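For reference, the structure is listed below as structure tokens.
The values are calculated or read from the model by the stated rules, or taken from the named source; none is laboratory data. Since the structure is predicted, the reported quantities are computational estimates derived from the model, not experimental observations. Methodologically, a virtual Cβ is constructed for each residue, glycine included, from the backbone with ideal geometry; neighbour enumeration extends over all protein chains shown. Only protein heavy atoms, including side chains, enter the accessible area calculation; ligands, DNA and RNA are left aside. Shrake-Rupley method; radii C 1.70, N 1.55, O 1.52, S 1.80 Å.
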Amino acid sequence: MKILLAFARIVDAVNEFIGRQIGWLIFVAILVSALNAIVRKVFNYSSNGYLELQWYLYGAAFMLAASWVIKTNDHVRIDLIYGRLSRNARNWIELLGHLFFLMPFVLVMIYFLWPYVIRSYNSGEMSPNAGGLILWPAKMMLLIGFLQMFFQAISEIIKRVGVMTGTYDDPNPYVTARDLAEQEAKELAEEILKAQEARQ
């Protein structure tokens, strides 16, 4: 289990590094968008290439950061039932969800994307829009994003088994909104007590 957990830590570190750096793509996309708007208004000139570059950047940011979202357990979930279950039941849901939902979906996407990307690259596929960009880099981002998710899914499965067997502490334990509010209230009360004691 130690070797598997070491592998999971490497995957987590790589995806976290990529996820943190990818925010710059959003910044660049905003700059391209602003520049495109200024050039269009001031010089009455526009290009499909600028628009497609924005799409590429936003798409790359979304795909390359998705694994980090899975790693930090920040993906959207419905708290209605999940939050009322025991910790053991939640662990089983996480494990089975990664095994039977995330992993098959990711594998199917990789299976179909691989030839799609290779064909696009080999043909030098271009956008059908006038002045558009080449398409294979955008398609490659899809493939890279799903490959990242594949390894992150393996990491999550390893960590969940570790949590369930007691060999690994859950780095992102699920906290209900109510528990979070109670924790914040408790911390605030402790700060107020410390401030009162300091005055006396």
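Take the conditions (1) more than 14 Å from the chain's Cα centre (by Cα); (2) under 21 Å from Leu143 (Cβ atoms); Ile30 misses just one of them, which is (2). Is it the case, given these coordinates, that Met103 is assigned to a helix (DSSP H, G or I) and within 17 Å of Ala60 (Cα to Cα)? It is false that Met103 is assigned to a helix (DSSP H, G or I) and within 17 Å of Ala60 (Cα to Cα).
Within region 125-176, the set of residues being of a type in the set (Asp, Glu), part of a helix (DSSP H, G or I) and within 30 Å of Leu51 (Cβ to Cβ) is empty. Looking only at residues of region 15-34 that are touching a residue at least 12 places away in the same chain (Cβ under 8 Å) and more than 12 Å from Leu53 (Cα to Cα), we find that the one that is surrounded by the most Cβ atoms within 10 Å (Cβ to Cβ) is Asn15. Close Cβ contacts (under 7 Å, 6 or more residues apart or on different chains) running from residues in region 165-192 that are at pLDDT below 75 to residues that are acidic (Asp, Glu) and part of a helix (DSSP H, G or I) comprise Thr176/Asp79; Ala177/Asp79. Pairing residues of region 100-121 that are open to solvent by 90 Å² or more (accessible area, probe 1.4 Å) with residues that are assigned to a helix (DSSP H, G or I), at Cβ distances under 6 Å and at least 6 apart in sequence or on separate chains, gives Tyr121/Trp136.
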